[in-house]
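Data block below; observations after.
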């Protein structure tokens, strides 16, 4: 199913574009804290560094500790693309690299050590003077998350810093839609296409789709996006105002512009389309959601693993549902060693090819 060249030795098969490195501070809190911080609970709303530090200090007094989460706050490299790329290297043994920039601070060093510990190639990650982006992810009793990112003055890579050398020999580029990174996204896609690299894009959030739909439609209509992932909210936002805006209609719309289109439906699984083929795959019943952070990102890891291994559309979705199900079993967007083991078992039960890394 997947096409393209075999990457040369030492070249990552999959590249992630995350212009700004990001550190996530993930904590389980009781709802009373959520009512005391600005913005609606559930969404993602940017804050200044003072506000972020204030929330972190508040968090310490509103922690929900549980016997299976010994450490109440988990700090790790974050960002949707970093989650997907780290999942591909750590859980699936696929060679991956990340393109972006990190600051010369403690958070930057943490991002680098977390990603390199997980086997991600950092030769395309540049260090710059200035702060590294951070995000507080507050998770309530039922696993819903509220995010407060602080990105305003964070260092990031610029469009004119990308080179063809960065992309040469890789097979896929993974990116996330975002209006603030539109220039660097467009530059990366342009170079990727010159180098014959497939492009996978995630729609980021329903707020992003709602507020910046026009540039998103231009990206999709360019024909340069080969694979698009959307969740249910993003999918319905994409067709807002049409008489039929259900996930199936959104899947058809995405599939008109992309070779592969996937709409994830949370507990209801996912639907996907490639050419004329449409599949619907249920979620894994045994996955108990502690924290939904990273479910879509890790679903993408499994799906992309399936594509580079030449699995069928149905199998790609099934592996995706196993990896998406593995990350929600603990806090944050990084899968724990126990949950990778859980995932391999699920993949085995379903008769799918087990990643070499585990054999």
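Going by what's in this entry, would residue 91 be described as in a helix (DSSP H, G or I), modelled with pLDDT of 90 or more, under 17 Å from the mean Cα position of the chain (by Cα) and farther than 20 Å from residue 201 by Cα? Walk me through it before giving the result.
Values: in a helix (DSSP H, G or I): yes; modelled with pLDDT of 90 or more: yes; under 17 Å from the mean Cα position of the chain (by Cα): yes; farther than 20 Å from residue 201 by Cα: yes.
So residue 91 fits the description; yes.
Please verify whether the stretch 295-304 includes one or more residues that are modelled with pLDDT under 95 and under 18 Å from the mean Cα position of the chain (by Cα). Before the answer, list the steps.
Pass one, the stretch 295-304, residues modelled with pLDDT under 95: 295-296.
Within this subset, residues satisfying the condition of being under 18 Å from the mean Cα position of the chain (by Cα) are 295-296.
Looking through the stretch 295-304, at least one residue is modelled with pLDDT under 95 and under 18 Å from the mean Cα position of the chain (by Cα).
Which of the residues spanning the stretch 96-127 are assigned to a strand (DSSP E or B) and more than 17 Å from residue 49 (Cβ to Cβ)?
To start, the set of residues in the stretch 96-127 that are assigned to a strand (DSSP E or B) comprises 96-103, 121, 125-127.
Listed by number, the residues that qualify are 96, 97, 98, 99, 100, 101, 121, 125, 126, 127.
Regarding residue 80, is this residue exposed (fewer than 13 other Cβ atoms within 10 Å of the Cβ) and at pLDDT 80 or above?
Values: exposed (fewer than 13 other Cβ atoms within 10 Å of the Cβ): no; at pLDDT 80 or above: yes.
Here the answer is no, as residue 80 does not meet what is asked.
Any idea which of (1) in a loop (DSSP other than H, G, I, E, B); (2) more than 17 Å from the chain's Cα centre (by Cα) is the one residue 278 doesn't satisfy?
All conditions are met except number (1).
The values are calculated or read from the model by the stated rules, or taken from the named source; none is laboratory data. What you see is a predicted model, and the numbers here were worked out from it, not measured in a lab. All Cβ positions, even for glycine, are placed from backbone atoms using ideal geometry, and neighbour counts span all protein chains on display.
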